[in-house]
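The values are calculated or read from the model by the stated rules, or taken from the named source; none is laboratory data. Predicted model only: the values in this text are computed from it and were never measured. A quick note on method: Cβ atoms are made from the backbone with ideal geometry, for glycine too, and the neighbour counts reach across all protein chains shown.
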Amino acid sequence: MLGKALTYLLLLACSAVFMLPFLFMLTTALKSSAAVLTIPPKIFPSVYHWENFGDAMRMMRFWKLLGNTMTITGLTIAGTLLSCTLVAFGFARFDFKGRSFWFLVLISTMLIPGQITMIPLYLLMKWLGWIDTIKPLTVPAFFGTAFYIFLLRQFFMTVPRELDEAAIIDGCGPMRLLLKIMLPLIRPALATVTIFTFMHTWNDFLGPLIYLQSDNMRTLSLGLYSFQGEYVSQWHYLMAASILLMLPCLLVFFFFQRYFIEGTTVTGIKG
C-alpha cells in the first residue's frame, strides 16, 4: 500500500513538472504587456486579461487560418483511414503470391528519411501545377502511409480467422466482411490512426511552408510563425496564439486517450 502511494506521489510530482510550461504560457497569455516584463516576475497576474485571446485571434486572422487547417486535416484523416484500412485488410486477410515480400518492401519505406524525398516530391507537385493548393498536403494521404498500414494490419491479425469463415458461409463478400465485421472490431486502432494523423497534420509546419505561398492558403502553424515575427515583443499575444493552436490537440488526446492507449498496446500481440 505504501509503495502504491509513493508511486502516485511520484507521478503527481512528475505531472506538475510537465505542466509548468503550459502554466507559464497560460499565465503569460493573461497578463498585460507591462506585467509580462515586470521584474521580479510574477507567476499569476494581478488582473486577468482574457481579451488577449480575442485580440490575438483578430491579429492573426484566426478563423481563416482555422478553416484552412481544418480542411487539410479532415481530408488527410479521411484519405489515411480509407487507404490504410484497405491495404492493411488485404495484407492481413488475403493470401496472394509475394505477400510477405511486398509487406517487407512497404515496411522498408519507413527507413527512408523525409528529407530525401522532399525535393523530388516538390518537383512532382510543381509539374502537376499543385503548388499553392492543398492538394500536395492531402492527396498523398489517399495512397497510404506505411506505419499506419502496419499498425492496422497487426490489429487485423488479432481477429480470429473463424469469423471470416463464418461470414463467408453466411454470404459475406470481402467488402461486407470489412465493413460489417472487421471495422467494428478494430475501432481502437482506427481511433489511434485518427489521433496520430490529426496531431501530425494539425501541427505540420514544413509541408505548408513548402507548398503554400499565398496568405489566403496559410495554415495555423504558418500563421503562428508569421505572428511571431510580426509581434516578437508582444509575449502575451504570442502565448495566447500558441495556446489557441495547441488546444485542439490537447482536447483530442484528453477525450480519446483510452482508444489511443488500447490501440498502441494491442498491435504487437500477433505478427
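See the values below:
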{"read-out": "Selection from the stretch 40-53 of residues that are part of a loop (DSSP other than H, G, I, E, B) and either surrounded by 13 or more Cβ atoms within 10 Å (Cβ to Cβ) or of a type in the set (Gly, Ala, Ser) (or both)", "value": "45, 46, 48, 49"}
{"read-out": "Residue match in the stretch 7-28 (condition: surrounded by 13 or more Cβ atoms within 10 Å (Cβ to Cβ) and either part of a loop (DSSP other than H, G, I, E, B) or of a type in the set (Asp, Glu) (or both))", "value": "no"}
{"read-out": "Count of residues meeting criterion [among the basic types (Lys, Arg), touching a helix residue (DSSP H, G or I) at 6+ places or on another chain (Cβ under 9 Å) and more than 23 Å from residue 192 (Cβ to Cβ)] in the stretch 84-99", "value": "1"}
{"read-out": "Where a residue in the stretch 1-25 is in contact (Cβ under 8 Å) with a residue 12 or more places away in the chain and of a type in the set (Val, Ile, Thr) and its partner, wherever it lies, is loosely packed, with under 10 Cβ neighbours inside 10 Å and in a helix (DSSP H, G or I), with Cβ under 8 Å and at least six apart", "value": "none"}
{"read-out": "Any hit, the stretch 154-161, residues being in contact with a Phe, Trp or Tyr (Cβ under 8 Å, 6 or more places away or on another chain) and under 29 Å from residue 106 (Cα atoms)", "value": "yes"}
{"read-out": "Residue 163 vs. criteria in the same structural domain as residue 243 (by TED's automatic domain parsing), hydrophobic (A, V, I, L, M, F, W, C) and modelled with pLDDT under 85", "value": "yes"}
{"read-out": "Residue under evaluation residue 89, criteria (1) among the aromatic types (Phe, Trp, Tyr); (2) out of contact with any Lys or Arg (no Cβ under 9 Å at 6 or more places or on another chain); (3) within 19 Å of residue 191 (Cα to Cα), criterion not met", "value": "(2)"}
